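The values are calculated or read from the model by the stated rules, or taken from the named source; none is laboratory data. These numbers were taken from a predicted model, which means no experiment stands behind them. As a convention, Cβ positions derive from the backbone with ideal geometry for all residues, glycine included, and neighbour counts pool all protein chains shown. Side chains included, ligands, DNA and RNA excluded: accessible areas come from the protein's heavy atoms. Shrake-Rupley method; radii C 1.70, N 1.55, O 1.52, S 1.80 Å.
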Amino acid sequence: MKQNIKYALLALFSFLMMSCQKSQEGVYIVGADKLSPVANLTIDDLPAVIGIKVASSNAMENNVEVMMKSTPELVESFNKEYKKNYELLPEKSYKLENTSLIIENGKSISSEGVRLSIISRELLKEGTTYVLPVSIAGVSDKNLSVIEGSRTIYIVINQVIITQAADLSNR
């Protein structure tokens, strides 16, 4: 009986180890993980820009294209999960460029990143924090999976508020 329990535990341990190793192989967004899938961008001067790179758990044997896109439909679930009340960044206030990234043969990280540029403050409300989810939309190598916990990064946009200070000097 003790030997059966020992073998059962060994089999369970082996299965768990193999499962963990499998789940960590694939393509992911650098800096995004399930514990902290957030990158911050503070708007001071325009344009305010942030770059997002992708990587693979292993060096590529061929060039691999990783397609990226904004995923506004994820804002509500992000707010619920992380107990936030961020608003979706208005579409006309930003540009998302370079959404097709290449991880080159022999490398494990893209040489360039997606560029999110805040180009206008016109639609932004003062004192409001915005968020824009950016996700991996696809990978050219169908044998290469996406690590789900790092598929999406949430870019949180904060604004510097400029106000007039009261003159408290005695004149």
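Values computed for the structure shown
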{"item": "Close pairs (6 angstrom Cβ cut-off, 6 or more residues apart or separate chains): over 22 Å from residue 68 (Cα atoms) in region 112-141, of a type in the set (Asp, Glu) and surrounded by 14 or more Cβ atoms within 10 Å (Cβ to Cβ) anywhere", "result": "128/87"}
{"item": "Pairs with Cβ under 6 Å, 6+ apart, first in region 39-58 and farther than 19 Å from residue 127 by Cα, second small (Gly, Ala, Ser) and part of a strand (DSSP E or B)", "result": "49/117"}
{"item": "Tally, over region 13-53, of residues that are among the basic types (Lys, Arg), assigned to a loop (DSSP other than H, G, I, E, B) and at pLDDT below 90", "result": "1"}
{"item": "Residue in region 43-58 that is most open to solvent (accessible area, probe 1.4 Å), counting only those that are within 28 Å of residue 138 (Cβ to Cβ) and β-branched (Val, Ile, Thr)", "result": "49"}
{"item": "Residue satisfying condition, being closer than 20 Å to residue 37 by Cα and open to solvent by 90 Å² or more (accessible area, probe 1.4 Å), within set 73, 91", "result": "73"}
